[in-house]
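Computed from the coordinates by the stated procedures, all read-outs in this text should not be read as laboratory data. Bear in mind the structure is a predicted one, so any value in this text is a computation, not a measurement. Using ideal geometry, Cβ is built from the backbone for each residue, glycine included, and neighbour counts are taken over all protein chains shown.
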Protein chains: 2
Amino acid sequence: MKSFLLFPGEKTDGLIGVSELIISTAVQGMLFCLLGAQPLLVVGFSGPLLVFEESFYSFCRSSEIEYLTGRVWIGIWLVIIVVLTVAFEGSFLVRFVSRFTQEIFSFLISLIFIYETFFKLGKIFMDHPLGSYASQTLNQPNTALLSLVLTAGTFFIAFYLRKFKNSAFFPGRLRRAIGDFGVPIAISTMVLLDYSIKDTYTQKLSVPDGFSVTSPDKRGWLIHPLGSDGQFPIWMMVASILPALLVYILIFMETQITTLIVSKKDRMLVKGSGFHLDLLIIVVAGGVSALFGLPWLTGATVRSVTHANSLTVMSKAVAPGDKPRIQEVKEQRVTGFLVAFLVGLSIVIGDVLRQVPIAVLFGIFLYMGVMSLNGIQLTERMMLLLMPPKYHPDHTYVRKVRTLRMHLFTCLQLVCLAVLWVVMSTSASLAFPFVLVLTVPFRRFLLSRIFTHREIQCLDADDAEPSIDDRESQDEYTEMQMPV
Amino acid sequence: MKSFLLFPGEKTDGLIGVSELIISTAVQGMLFCLLGAQPLLVVGFSGPLLVFEESFYSFCRSSEIEYLTGRVWIGIWLVIIVVLTVAFEGSFLVRFVSRFTQEIFSFLISLIFIYETFFKLGKIFMDHPLGSYASQTLNQPNTALLSLVLTAGTFFIAFYLRKFKNSAFFPGRLRRAIGDFGVPIAISTMVLLDYSIKDTYTQKLSVPDGFSVTSPDKRGWLIHPLGSDGQFPIWMMVASILPALLVYILIFMETQITTLIVSKKDRMLVKGSGFHLDLLIIVVAGGVSALFGLPWLTGATVRSVTHANSLTVMSKAVAPGDKPRIQEVKEQRVTGFLVAFLVGLSIVIGDVLRQVPIAVLFGIFLYMGVMSLNGIQLTERMMLLLMPPKYHPDHTYVRKVRTLRMHLFTCLQLVCLAVLWVVMSTSASLAFPFVLVLTVPFRRFLLSRIFTHREIQCLDADDAEPSIDDRESQDEYTEMQMPV
């Protein structure tokens, strides 16, 4: 199996590494927050993009084509494609991307976060087996178990402080403050614990030391469009339109789905979204970034939802037993900008960040993955699969659709999810964007034959009841776009 | 600090060890289940008794008196005292032991379980420091962290399976089956995990190999009342009445409080309890046990409450939002007898039990401690201390007593608790039974001056609302009287 998350450096032999990711995230993030139509969106690197970079890098190496130069041409094509899309109002296509596809996609992204945690932890256990006393420098015997403890500790502290936020202890203001800072508290507790254990090695965050590329011996800040030797093949300049289309689909789908999720009716945003403007900014910025050998980014689902949730104020005056309702969402451009700015700042405070064991970050990945699963209706319906009908909650899709039909819908979504996962994790991963797009006709033409119009309306409704349950939903930890 | 729980072997240099404890628990347990008036009571060794054995052993050693012979005379006095108590209907004294004292005592016992877990885990970390690569046989570097993982794993699996039992997943019967076997599932999962990790040492359960005393070189099965050399001082035979009184108070308090808690009105037992009969059986059996160098036992609070809860059937037909009510309690003598029998059997299946890492048992201790804290009203009021009044639940003692007065009552209980803890864990531990008894006059004479009759009636009521909340209360794991 492959590993997806946030570590392009390993996949591209350091050609695009942490430095590039930090700078790209910071610059594009700040730009987007200033100009974007929906500043609640968080731009960042994502699992599917990493899968693409990895596939494209190995393609380039086997074809003896310069990877970074190839990316420049993809960037050029990206800009052309996005300008054409916007000129012809191509974003109307997003209307066909229904809740069905959105849920599969955001579930997949959450799943990547969770899978990644266990995959990485497993890797630590492989690299540092318990029974190894021999070479004391490399195979530290305690490293694996200590990493496990740090990951679990971070997860549980963050998780329970989140629960604490909705408990009845302490006056509301203090309780919410503790709950809001649950993730920083979890991180600092576990970093201090790790810091106090002097005699056991744990792998730390690798943060670049100042403003330089990750591999200065291999590349500079500016990538020559004709290749380092000026010999970049002309056919490849044209053929780059194909990978560019793939990247475009990825960015298009992920950004638009994120926008759809964030601006869903039940989230009660007052200000609208601008699909075209946001897409234009993100893709053009990505295209230009390629010229500097920086990664292109996309609207990041988990982080955007987390960001929006953190700015959501729930009404306090609710009847007992009632779900809390959304009162308002603090829509502004400051938080997003600050987060992007702080990401950029992380280069300066590298010495501090280098104290953070990556096992602690795994705990946060796990937390974010688990938490963002909660907001998805698909998750809820999956749980209903295991629940006798008499316990089913009072949702429109439970009341108005027969139970077996609802389960059939859920199972079909799960099949799509499984297919996407398999495609993504095998060598067919370049086809991932196409398969993702295929779920749209699947839903429109096949599902609408299996299910009645009425059933589809309930199960695939754009404006269901608020699926954001403040009790156990996503967190407000927005800084997680920080790359490792 | 001292360590209290279930390990008399360490405290008495092996004079009374695991063998003696197993045999005593099995024989006295079966006897009690056949003859006792309240067979829901579980007899077992307890923290306060261990504190006594430890104090008495060190007293004997410093006075050069034979410990086991001294215990024989304490046993003789115990029988005399209990016969006198019963003859004069002395159990009426138990009427004065109100909820105030009962709660402090059962809270203390739960606290011991929790404290013990962390104390023992800390000891493993001391014995097997992380940074020790040198002597590979003794200081296994992974031992400490693996033990932590096993303890936490056992606790969380048991804890969440318990929660699962009250969730809405799966058909009720399957769900309850999984929930009921939560602790066995947790134990076997973690034992298998430990078993699969071949290259890391963990301390296992020490189970005697067949029917023999723990230290055959030091003692036999029968203790001569005049000492091994026939030189036991006569003054000590008489003076043994003093330690006998201490032991008697311990057994009296712990057994009677346990009976009171188990047969509390809100538990809906149909059959009554017999204070005199139960006390007579337990103390006489203990007195006779001393002749064989076996430990005396007492009614064990946590285990008895656990036992009673496991036999409690909650009604299913409840209005939504309503607390589940107790439907019936399966009162019989079979379960208790079987548990005691299985404890005895553990000597035969020693080979299996020797695969169980003690870290797994620590997880169960922690689980039992945490779970039995839940059933206590004092715990609830302690949480109210941290809760703004508007969130306070609808209990009699919340409605009818002013908040600050209720908090004062809680704080006074906490002060008593702290005093008892300090007494128990310092060299004054022999005085523990007296201090425990002192809480009775403290409540009757001092508290009744501070609080009005009405307030006392609400806060110290014998028949409050059911404090057994099936959602998160004690577990049905009754086998925990198994000594380590």
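Restricting to DSSP loop positions (anything but H, G, I, E, B) with no more than 12 other Cβ atoms inside 10 Å of their own Cβ, which trypsin sites (Lys or Arg not before Pro) remain in the range A:333-384? Write out the running numbers ahead of the final one.
Details: sites: A:Arg333, A:Arg354, A:Arg381; in loops: A:Arg333, A:Arg354.
Within the range A:333-384, the qualifying trypsin sites (Lys or Arg not before Pro) (loop, at most 12 other Cβ atoms within 10 Å) are A:Arg354.
Mind checking the full-extension length gain between B:Ile178 and B:Ser212? Use 0.36 nm per residue of separation minus the Cα-Cα distance, one decimal, nm.
Details: separation 34, 0.36 × 34 = 12.24 nm, distance 3.76 nm.
The B:Ile178-B:Ser212 span can extend by a further 8.5 nm.
Using the charge dipole of the range A:99-254 (Lys, Arg: +1 at Cβ; Asp, Glu: -1 at Cβ; taken about the Cα centre), state which of A:Phe155, A:Leu246, A:Pro208 has its Cα farthest towards the positive end.
Towards the positive end, the residue furthest out is A:Phe155.
Under a Cβ-Cβ cut-off of 12 Å, what is the net charge of the residues other than B:Pro388 that fall near it, where Lys and Arg count +1 and Asp and Glu count -1? Intermediate values should be presented prior to the final figure.
Details: positive: A:Arg173, A:Arg175, B:Lys390; negative: none.
So the surrounding residues net to +3.
Whose amide H sits under 5 Å from the amide H of A:Ile326, counting only residues 5 or more places off or on another chain, with H placed in the peptide plane?
A:Ser315
Taking the label point as lying 7 angstrom from Cα along the Cα-to-Cβ axis, what are the distances from B:His407 to the corresponding position in the remaining copies, in ascending order and in nanometres?
Distances to the matching label points in the other copies: 5.2 nm.
Which distances, shortest first and in nm, link B:Val270 to the matching position in the other copies, using label points set 7 Å out along Cα to C-beta?
6.5
How big is the Rg/Rh ratio for chain A, C-alpha atoms only, Rh by Kirkwood, two decimals? Mind showing how you got there, number by number?
Numbers: Rg = 22.7 Å, Rh = 23.5 Å.
Here Rg/Rh amounts to 0.96.
Quick check: Cα centre of the range A:323-383 to Cα centre of the range B:141-196, how many Å?
When both Cα centres are located, 30 Å separates them.
Considering every pair of different Cα atoms, what Kirkwood radius, in Å, is found for the protein assembly as shown? Spell out each step's value before the answer.
Numbers: mean 1/r = 0.0313 Å⁻¹.
Radius from the Kirkwood sum: 32.0 Å.
How far, in nm to one decimal, is B:Lys390 from itself in the other copies if the label point is set 7 angstrom along Cα toward Cβ? Shortest first, please.
Ordered by distance, the counterparts are at 3.8 nm.
Using +1 at the C-beta of Lys and Arg and -1 at the C-beta of Asp and Glu, which of A:Phe32, A:Ile178, A:Met387 has the Cα lying farthest in the positive direction of the dipole of chain A?
With unit charges placed on the Cβ atoms, the residue in question is A:Met387.
Could I have the simple spin-label model distance between B:Tyr160 and B:Leu277, label points 7 Å from Cα toward Cβ, reported in nm to one decimal?
Label-label distance for B:Tyr160 and B:Leu277, simple model: 4.6 nm.
Longest segment of chain A with no GluC sites (Glu not before Pro) in a DSSP loop having at most 11 other Cβ atoms within 10 Å?
It runs A:90-484.
Need one number: nm distance between label points at A:Asp199 and B:Lys204, each 7 Å from Cα along Cα→Cβ, rounded to one decimal.
My value for the distance between the label points is 2.7 nm.
Let's see if you can work this out: charge +1 on each Lys and Arg Cβ, -1 on each Asp and Glu Cβ, no other charges. What is the dipole magnitude of chain A about its Cα centre, in debye to the nearest 20?
Values: 40 positive and 37 negative charges, 301 e Å.
Once rounded to the nearest 20, the dipole reads 1440 debye.
Give the relative contact order (percent, whole number) for chain B; include only Cα pairs under 8 Å separated by 6+ residues. Don't skip to the end; give the middle numbers.
Details: 735 pairs, mean separation 154.0, N = 484.
Relative contact order comes out at 32 percent.
Report the full-extension gain for the segment B:Val422 to B:Met383: residue separation times 0.36 nm, less the Cα-Cα distance, to one decimal in nm.
Details: separation 39, 0.36 × 39 = 14.04 nm, distance 2.26 nm.
Gain on stretching B:Val422 to B:Met383: 11.8 nm.
Mind giving me the FRET efficiency for A:Ala239 and A:Ile349? R0 is 30 Å, r the Cβ-Cβ distance, nearest 0.05 is fine. Write down the numbers at each step before the final one.
On the way: r = 43 Å, r/R0 = 1.42.
Here the calculated transfer efficiency is 0.10.
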